[in-house]
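A short worksheet on the structure shown next.
The values are calculated or read from the model by the stated rules, or taken from the named source; none is laboratory data. Note that the structure is predicted; figures quoted are calculated from it, not measured. Cβ placement follows ideal geometry from the backbone for every residue including glycine, while neighbour counts extend to all protein chains displayed. Areas reflect the complete protein model, heavy atoms only, side chains present, ligands, DNA and RNA absent. Shrake-Rupley method; radii C 1.70, N 1.55, O 1.52, S 1.80 Å.
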Amino acid sequence: MSSDSKNKKLIQDLFSLHNKIRQDPKSFIPKLKKELKNYDELFWFKFGDKENSLETSEGVDAVHDAIKYLEKLKPVKELILKEELSEVANDHAIDANENNLDNSIGSDRSSPIERIKDRFETNLCGENMEFNFETAEEIVYSIIVDDGYENRDRRMNFFSPNYKFIGIGISDHPDYINLCVLDYMGDFKSIKPKKEKKKQGN
């Protein structure tokens, strides 16, 4: 399977899993509980793979926090995959690959809100990013556990009932193998034409 085909499948898998868990948050609790045994203090051996470990900030504490959160969470409506919003997400994913970025600020210093509002007339939007993954489940697990993020902002974006649309972009990355950008948006009034991307340094 080509890299492009693999990414397209991963995006579809992620979109489907994202909506499934939004509509049934408790369905992911067994997965979280199963992973508890794969932690050795701060090291997480991803899904039991002893050759694939990640040093976390909180260890199992973040997992327990996620379990408690999902136990109390009510179902939220599914998101709609929006093509133009996926273009925004994919543009930042490519930018991060080409310029070795590791956060939501673009090489032109644009923020996620600025990039989304360049295409949509909206008052509600946000972004999640994830690096170094193989499956949609791995992306979702990391965002829901949200290790090291004090306010669990990524988890809040994932389950926000105020968001109605999602856009997803995936690209390679020079330091982290790959990255995924998830852009979220509430209602919008109109879609704007795509602008030419500013060149770095202009």
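Here are some notes:
- Take the chain with all the other protein chains still there, run a 1.4 Å probe, and you get 55 Å² of accessible area per residue.
- Cut-off under 5 Å, modelled amide H: who pairs with I166 long-range: I80, L81, K82
- Fraction of antiparallel bridges per DSSP, the chain only, in percent to nearest 5: 90 percent
- Partners for K74 among lysines (Cα-Cα distance below 16 Å; same-chain residues under 8 apart left out): K20, K26
- Computed in the context of the full set of protein chains, the accessible area of the stretch 1-140 at 1.4 Å probe radius has 48% of its extent on carbon or sulfur.
- Under 5 Å, built H, 5+ apart or other chain: amide partners of N52: K46
- Qualifying trypsin sites (Lys or Arg not before Pro) for the stretch 90-175 [loop in DSSP, other Cβ within 10 Å: at most 10]: R109
- With each label modelled as a point 7 angstrom along the Cα→C-beta vector, the K189-K33 pair spans 4.9 nm.
- The angle between the Cα long axis of helix 3-23 and the main principal axis of the chain comes to about 70°, on a 0 to 90 degree scale.
- Ratio of Rg to Rh over the chain (Cα coordinates, Kirkwood Rh, two decimals): 0.96
- Given the chain, longest segment not containing exposed loop chymotrypsin sites (Phe, Trp or Tyr not before Pro) (DSSP; at most 16 other Cβ within 10 Å): 1-148
- Of the GluC sites (Glu not before Pro) in the stretch 53-160, those whose Cβ has at most 10 other Cβ within 10 Å and which sit in DSSP loop: E150
- Sparse-neighbour loop sites [trypsin sites (Lys or Arg not before Pro); the stretch 1-70; at most 13 other C-beta within 10 Å; DSSP]: K50
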